[in-house]
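The values are calculated or read from the model by the stated rules, or taken from the named source; none is laboratory data. Values in this document were obtained by computation on a predicted structure and should not be read as measured data. Every residue, glycine among them, receives a Cβ derived from its backbone with ideal geometry; neighbour counts consider all protein chains shown.
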Amino acid sequence: MSTQAPRPRVAALALAVGLVLADSSVVVLALPEIYRELDTSVAGVTWVLISFNLVMALAAVPAALLARRFGPGRAAAVGLAIFAGAGLACGLSDQLSTLIVARCVQALGGALAVTAALELLPATVGSERRAAVVWASAGATGAALGPAVGGLLTELVSWQSIFLIQVPVALGAAVPILAVARHEAVTGIIEPELRRTGRPHFWANVALAMVSAAIAAALFLLVLLLIEGWRLSPIGAAIVVSVMPLAALVGSRLGGYVESARARAAAGAILVSGGLGGLALLPSAEVALTVPPQILVGVGLSLVLSALTETALGGRAPQAIHGGWTISARHAGVVIGLLALTPIFTHDIAEQRVDAINAGTAVILDSPVEPLLKIKLTQKVTDRLDEEKGKVPTIGPAFEPLPTDPRERAETVQLREELQDQLNRGATHAFSLSFGLAALLGLLALIPIALARRVEL
Amino acid sequence: MNRARLLIVGAIVASLALVGVYLAAGGASYTPEKSKNPCKQRPWTNPGSLQEIAQQISLSALDGAACELGVSRETLARALTTEEARERFAKRYGIDDAKLAEAIRAGLVRAVTDAERAGALSPLIAGPLRSFVEDIPLDQAIELIKNGSSLIESVRNLLGPAGDLLEQLLP
């Protein structure tokens with residue numbers, strides 16, 4: 001099967017896996033931009049994320065079967081071509097509906113490419129165990145880097161560029177794999193490799209789904225809080241959420257010292273929940289306060305995801321099918337997390353907006369500034385809240401120009417700060433329940449982790 | 001303790017420490033500011049000038065009018081900012097101009113009475129002021145509620161040449 005030196009092929013396969021799994025989260029930081037540009041709702045824009053993950057969840061196992069039936073080289077090449085074509089369609093979309101449809105097609109191609117890559121890797125790297133490590137690492141790296149890369153591209157170029165840049169990368173990754181595809185067409189090597197598919201590791205996959213739901217919620221909600229609540233730019237938010245992948249690197253080193261997969265899984269789930277608990281209890285609207293919770297989530301996710309994937313794949317063949325089950329479980333978890341939490345936080349954000357308007361008006365009315373100025377400020381602050389479509393506004397402009405009289409100026413500045421503090425605290429509070437529920441979900445994952453220990457390990 | 005147990009204990013300790021520190025720092029203390037009942041009189045401070053009296057009368061009148069209409073003070077304040085805001089408010093709450101005018105007049109009367117009871121306005125001023133606000137048209141009533149100073153100016157005009165003595169009529 002080897003038609004060329006394996007190194008470029010390993011790199012191409014790792015790149016394909018990283019690219020596709022990054023796509024699950026790459027768009028997170030662009031969602032606020034898409035939300036405004038395509039004039040949709042928060043609930044609507046989450047479908048850009050949900051659609052991709054839903055199709056990945058549904059298509060991963062059938063895609064793995066297809067890859068084994070028609071040849072993993074051909075499946076990977078076709079998958080990457082579909083992924084690239086759909087990425088182009090995503091980048092050219094000017095409506096939410098076409099973007100979501102293109103994302104679904106992208107996920108179909110992605111599922112085919114990722115599962116086929118796991119089927120190709122053992123022959124390329126020499127063993128199934130090594131293949132699983134390369135595959136899992138590439139996926140984790142892609143998923144970890146995705147949000148930061150997406151944030152940078154959104155800020156520096158546009159949200160469309162996130163998808164357009166994937167086109168040459170996916171096609172570039174397909175080139176070394178084409179040789180394998182051609183080889184398969186000539187030799188027809190599929191039949192000898194087919195083996196009986198074993199039962200998937202049920203509890204490990206259930207735990208993966210639950211933990212993935214909690215992690216997806218952590219990332220999605222944190223990004224929304226940073227951009228919509230605290231008014232950070234996509235680049236600023238990208239830098240802030242980079243703490244999570246950096247902490248994940250530390251977590252992967254830490255995991256290397258502990259052999260027991262169930263201990264790593266349990267510790268990881270506890271850390272993810274602890275971090276989410278911290279995000280639910282942020283004492284004030286300060287970016288620095290998100291760092292300790294993110295460190296816990298980052299270390300935790302690396303421990304729990306690798307341990308559960310290892311458990312789900314361990315001793316099971318064929319790897320592509322079981323890899324398909326883990327992909328399916330993880331993406332189903334993301335979908336469940338987003339579907340369960342979206343109505344909760346959208347309701348809380350809407351309620352917070354009403355509270356913010358009332359609190360802001362009350363602060364202005366009770367302030368010592370001159371009555372006519374109060375009425376003007378009430379009007380301007382309400383207008384700013386309306387203009388920002390639910391985003392917590394920077395209300396500074398509503399207070400311009402500041403009065404020239406020193407006493408009035410000082411009163412107005414104090415009022416401005418008090419009002420902004422009210423709005424920021426309200427925005428932070430709007431996410432608390434959702435973060436709390438995600439933390440609970442992470443803790444509940446300890447049940448399948450414990451059952452996996454008793455029943456199957 | 002083996003490494004596996006150490007890892008789990010470490011995770012529990014780190015998680016509890018973070019949650020504990022954030023709780024201690026007030027992480028669960030936020031409660032959204034709720035609108036106060038406008039029918040309940042707010043305490044009057046001791047005003048030192050006509051301007052401060054005017055401020056308190058404006059707020060008290062706003063409370064009184066909001067109480068009459070069954071809405072919050074904040075909702076009514078936003079409704080009075082512009083003509084469009086007033087129309088939206090009228091449509092949403094089914095309140096026509098006549099009802100709004102009636103409520104604002106009642107609010108102004110309540111504010112003057114509150115000020116008199118609190119000793120902030122002399123009965124010599126409060127009496128004519130009450131009579132004055134009882135019949136004013138809507139636009140003027142809104143103007144008075146937006147700007148208490150214009151209320152004082154109206155009294156000054158009502159008093160004619162004696163208006164200059166207004167400052168001295170402060171208790």
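Out of the residues in the range A:400-413 that are away from chain B (no Cβ under 14 Å) and touching a residue at least 24 places away in the same chain (Cβ under 8 Å), which is surrounded by the most Cβ atoms within 10 Å (Cβ to Cβ)?
The selected residue is A:412.
Inside the range B:81-121, can you point out the residues that are without any contact (Cβ under 8 Å) to a residue 12 or more places away in the chain, surrounded by 14 or more Cβ atoms within 10 Å (Cβ to Cβ) and out of contact with any Leu (no Cβ under 8 Å at 6 or more places or on another chain)?
If the condition is that a residue be without any contact (Cβ under 8 Å) to a residue 12 or more places away in the chain, surrounded by 14 or more Cβ atoms within 10 Å (Cβ to Cβ) and out of contact with any Leu (no Cβ under 8 Å at 6 or more places or on another chain), then B:81, B:82, B:85, B:116 are the ones that fit.
Give the residue, chosen from A:66, A:108, A:112, that is touching a residue at least 24 places away in the same chain (Cβ under 8 Å), more than 22 Å from residue A:209 (Cα to Cα) and not aromatic (Phe, Trp, Tyr).
One residue alone meets the criteria, A:66.
Condition (residue is away from every other protein chain (no Cβ under 12 Å) and in contact (Cβ under 8 Å) with a residue 60 or more places away in the chain) applied to the range A:262-282: is it met by at least one residue?
Looking for residues that are away from every other protein chain (no Cβ under 12 Å) and in contact (Cβ under 8 Å) with a residue 60 or more places away in the chain, one finds none in the range A:262-282, hence no.
I need the full set of residues from the range A:355-376 which are surrounded by 20 or more Cβ atoms within 10 Å (Cβ to Cβ), more than 37 Å from the chain's Cα centre (by Cα) and at pLDDT 75 or above, in order please.
Result: A:362, A:363, A:364, A:365.
Could you list, in sequence order, all residues of the range B:122-144 that are surrounded by 13 or more Cβ atoms within 10 Å (Cβ to Cβ) and in a loop (DSSP other than H, G, I, E, B)?
B:122, B:136 - these are the residues of the range B:122-144 that are surrounded by 13 or more Cβ atoms within 10 Å (Cβ to Cβ) and in a loop (DSSP other than H, G, I, E, B).
Could you grab me the full set of residues in the range A:236-254 that are under 24 Å from residue A:203 (Cβ atoms) and surrounded by fewer than 23 Cβ atoms within 10 Å (Cβ to Cβ)?
Within the range A:236-254, A:252, A:254 qualify.
Is it the case that some residue within the range A:325-332 is part of a helix (DSSP H, G or I), in contact with a Leu (Cβ under 7 Å, 6 or more places away or on another chain), more than 9 Å from every other protein chain (Cβ to nearest Cβ) and not basic (Lys, Arg)?
Yes.
I need a count of the residues in the range A:251-260 that are small (Gly, Ala, Ser), closer than 12 Å to residue B:5 by Cα and more than 7 Å from chain B (Cβ to nearest Cβ).
The number of residues fulfilling the criteria is 0.
Modelled with pLDDT of 80 or more and closer than 19 Å to residue A:74 by Cβ: does that describe residue A:169?
It is false that residue A:169 is modelled with pLDDT of 80 or more and closer than 19 Å to residue A:74 by Cβ.
Residues that are modelled with pLDDT of 85 or more and away from chain A (no Cβ under 11 Å): find the helices (runs of 4 or more DSSP H) completely inside the range B:1-116 holding 3 or more of those.
B:50-69, B:83-93
Assess whether residue A:321 counts as being closer than 23 Å to residue A:265 by Cα, part of a helix (DSSP H, G or I) and more than 14 Å from chain B (Cβ to nearest Cβ).
yes
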